[in-house]
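Everything on this sheet refers to the single structure shown next.
Just so it is clear, none of the values below were taken in a lab; they were calculated from the coordinates. Because the structure is predicted, anything quoted here is derived from the model rather than measured. When we count neighbours, we look across all protein chains shown, and the Cβ atoms used for this are built from the backbone with ideal geometry, even at glycine.
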Amino acid sequence: MLALMSGRPRCGNPAAAPRTLREVGASELPPVVLVTGASSGLGLAIARALLRRRYRLILTARESSLHRFAKHGIFPSERVWLRALDVTSAADRKAVVAEANARWGGVDVLVNNAGISLRAVVEHVSDADRALQMDVNFIAPIELSRLVLPSMRKKRSGRILNISSVGGMMAMPTMSTYSASKFALEGASEALWYEVRPFGIYVTLVQPGFIKSESFRNVMYTGPSKAASDTVHSAYHWHYHFMEGFIGRVARRVFATPDSVAAKVVRTIQLKHPPLRIPATFDATLFSLLRRLLPRSAYHWFLYRSLPGIQTWAPPSTDIPVAPPVVETDDATNAADADIVFTLGRP
């Protein structure tokens, strides 16, 4: 166990020793990489980065989003498949992996990128809302992992990269269900890392934070959360008001881009011994350090005091509008696209 925790291979069988994806690509057919949610946002950036390298690609998106590939100059070829995949559909998942197994000998690298983000406080989330969030962000990537693992185990080689989030290491007000889905993905991925390591398979959680992008506007609202955001009399109006503005401002001012995160994803694929977790942006690295260095009570006190306008989030009466301090805000639109992963305001 200590050897496993330290990162040293324990397997005495040479056939189980992990190989780099470069070694596989140099002596055999190029590795097969399956990317979900590849038609926009971070998924599109990952697809473009992989296209510049020697891989066979299975780029997937919902059927209604497949037309986006052509707009970005991505077309089917001998080494590029474009496939419709609703990640919440068991039939779609099985069909894509079965085709990869039959025609290309299986998937060597799975990049679970597709996801959605729900903005709502706990009181504003229904069972159906919660189920949708978990289906896309947690169940789908775990089920796809289950489908590709038999082929990877047979080859004694493989990579599974799950695009997580800073929201998977720290919860954020108005994003409880989103954080719950990412916390679940982190826990299952960590367990899977131990389970498949003896087979030469590596699991990595890529954790982006804020990314310079307009994709934060694709966040989904529930009926009650949208109403509260629009109604100043609501008990939770100022929660949404301040968090919407804060996320919009930060998403436009950070240095990280979809391309910079995509580059880290590609570098991770090429590592011989990729780590379990990779913070993909500066703020993700910062929050990871804060969690390790600060006492938990101090950590939560710091985050709470840092919330924008926190002193005005609970007016004396929800029947009387209370004007908060004037701050710069951005309107948030009610849009949904399961090909876009949103990480604390970001596909």
Worksheet item: Residue by residue, what Karplus-based ³J(HN,Hα) values in Hz, rounded to whole numbers, does the range 221-229 have, using 6.51, -1.76 and 1.60 with θ = phi - 60° and x for Gly and Pro?
Response: 10, 7, x, x, 6, 5, 5, 5, 4
Discussion item. For a quick check of your reading of the filter: which GluC sites (Glu not before Pro) in the range 32-100 sit in a DSSP loop and have no more than 14 other Cβ atoms within 10 Å?
Written reply: Glu78
Worksheet item: To the nearest whole percent, what portion of all C-alpha pairs in the range 100-190 is separated by more than 18 angstrom?
Response: 48
Fill in: Amide hydrogen neighbours beyond the local backbone of Val80, cut-off 5 Å, H modeled
Leu57
Worksheet, complete the sentence: For the range 83-176 the mean separation of alpha carbon contacts under 8 Å (6+ apart) over residue count, i.e. relative contact order in percent, is 41
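Using the Cα atoms as the points, what is the convex hull volume per residue of the range 192-315 in Å³? Mind showing how you got there, number by number?
Details: hull volume 19.3 nm³, N = 124.
Roughly 156 Å³ of hull volume per residue.
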Fill in: Loop GluC sites (Glu not before Pro), the range 173-264, which have at most 15 other Cβ atoms in a 10 Å radius of their Cβ (DSSP)
Glu214
Worksheet item: With each label point set 7 Å from Cα along the Cα-Cβ vector, what nm distance links Arg296 and Arg48?
Response: 4.2
Discussion item. Show me, for the range 193-200, the HN-Hα J-couplings you get by feeding each phi into the Karplus relation (A = 6.51, B = -1.76, C = 1.60, θ = phi - 60°), rounded to Hz, glycine and proline as x.
Written reply: 4, 5, 5, 9, 4, x, 8, x
Fill in: Theoretical gain in end-to-end length, Arg267 to Leu286 [0.36 nm per residue, Cα-Cα removed]
4.8 nm
Worksheet, complete the sentence: With a Förster distance of 45 angstrom and the Cβ-Cβ distance between Lys154 and Phe255, calculated FRET efficiency to the nearest 0.05 equals 0.60
Worksheet item: Given a Förster radius of 41 Å and the C-beta distance between Ala95 and Ala314 as r, what FRET efficiency does 1/(1 + (r/R0)^6) yield to the nearest 0.05?
Response: 0.25
Worksheet item: Sequence-distant or interchain residues sharing an amide H contact under 5 Å with Thr222, placed H: which?
Response: Arg119
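Calculate, in nm to one decimal, what Tyr304 and Ala184 gain on full extension: separation in residues at 0.36 nm each, minus their alpha carbon distance.
Numbers: separation 120, 0.36 × 120 = 43.20 nm, distance 2.30 nm.
Between Tyr304 and Ala184, full extension yields an extra 40.9 nm.
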